[in-house]
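Q: Here it is, the structure, as structure tokens.
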Amino acid sequence: MKYKSDKSGWPVVLEDIDLCKVSQTEINQIGKLLATNVVVVAKNQSLSIDDEICVLEMFDDLYRFDVGNNPEDSPYKNCIVEDSNQRLVRVTGELDSSGNIGFAADNEGIGWHLDNVQSANRRSLTWLYGVHGTVGSKTIYTNTLMAFQ
């Protein structure tokens, strides 16, 4: 698997990889890159929901977005991607076919991501998959663990 650093020095950009055909060995290599870099990017992917779940499950311990006993009070209500078994959430200002807005739909909410430093057992991977409308967009990711180090 080939990769390079972005012109800014980070993130790491994977080259010539098709995540629909990725092997467990390649996922393990990506995991090592994630452990030593802030962001790993795989551009120009065309993934179905099933493809995303398949890749994510190769990382193990996949999170489920629990809406709890009272879904109306959940921040994820109406945002969980259908057929994802509560594994994927729409993060967008765009309305879905039922007229529901996505999670963190305001400009401030979708512009940044962090590794939940406040949580003792936080996940080691945050997966973002831009489906459309990504040209010219910017995502700023803060890895607070590396910042503390």
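Computed from the coordinates by the stated procedures, all read-outs in this text should not be read as laboratory data. Remember, it's a predicted structure, so these values are computed and weren't measured experimentally. Cβ placement follows ideal geometry from the backbone for every residue including glycine, while neighbour counts extend to all protein chains displayed.
Q: Put a dot 7 Å past each Cα toward the Cβ at Val91 and Asn37; how far apart are the dots in nm?
A: Label-label distance for Asn37 and Val91, simple model: 1.8 nm.
Q: Right, next: Once you order the gyration tensor axes a ≥ b ≥ c over the Cα atoms, which shape class does the stretch 1-47 get: rounded for a/c under 1.5, otherwise prolate or oblate by comparing a/b with b/c?
A: Numbers: a/c = 2.17, a/b = 1.32, b/c = 1.64.
Oblate shape, in that a/c is at least 1.5 and b/c is the bigger or equal ratio.
Q: How long is the gain from Leu47 to Glu82 if the chain were fully straight, where each residue apart is worth 0.36 nm and the alpha carbon distance is subtracted?
A: Numbers: separation 35, 0.36 × 35 = 12.60 nm, distance 1.49 nm.
Once the chain is fully extended between Leu47 and Glu82, it gains 11.1 nm.
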